[in-house]
Amino acid sequence: MMQYGFQCEECEEAIFPATTRSELAWFRNRLHVVREVAKHVQTGLDTWMIEGMEFLDRHSGHSVVLVSRSSTKSGSA
């Protein structure tokens with residue numbers, strides 16, 4: 001399974017929220033819109049959006065890129 005996320009090129013920290021690559025690209029490119037919507041919604045944003053906003057806020061001014069990783073499901077507990 002392929003996962004997509006954000007990675008800060010300066011400190012190399014990465015996150016992989018549970019959403020699609022196209023949603024992450026839209027989110028990053030419209031972060032100002034997401035922040036404005038977050039001020040007005042009563043039920044809150046999806047978890048991946050909150051996680052993404054926190055990451056992008058921590059890395060404000062850094063070069064943040066979309067990345068992918070392949071994950072395998074482990075059968076061991």
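The values are calculated or read from the model by the stated rules, or taken from the named source; none is laboratory data. Small disclaimer: the values here were computed from a predicted structure and weren't measured. Cβ: placed from backbone, ideal geometry, glycine included. Neighbour counts: every protein chain shown.
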Expected output for region 1-23 (first residue part of a helix (DSSP H, G or I), partner of a type in the set (Ser, Thr, Tyr), Cβ below 6 Å, 6+ apart or cross-chain) is 21/4
If a residue must be within 20 Å of residue 10 (Cβ to Cβ) and surrounded by fewer than 15 Cβ atoms within 10 Å (Cβ to Cβ), how many such residues does region 46-77 contain?
11
Extreme residue, surrounded by the most Cβ atoms within 10 Å (Cβ to Cβ), among residues of region 10-24 that are touching a strand residue (DSSP E or B) at 6+ places or on another chain (Cβ under 6 Å) and within 18 Å of residue 60 (Cα to Cα):
24
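Matching residues to (1) at pLDDT below 95; (2) under 19 Å from residue 2 (Cα atoms); (3) touching a His at 6+ places or on another chain (Cβ under 9 Å):
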| site | (1), (2), (3) |
| --- | --- |
| 22 | no, yes, no |
| 33 | yes, no, no |
| 40 | yes, no, no |
| 45 | yes, no, no |
| 52 | yes, yes, no |
| 61 | yes, no, no |
| 70 | yes, yes, no |
| 76 | yes, no, no |
Restricting attention to region 33-76, the residues that are touching a strand residue (DSSP E or B) at 6+ places or on another chain (Cβ under 6 Å) and part of a loop (DSSP other than H, G, I, E, B) number exactly 3
Is it the case that some residue within region 27-45 is surrounded by 10 or more Cβ atoms within 10 Å (Cβ to Cβ) and touching a Gly at 6+ places or on another chain (Cβ under 7 Å)?
yes
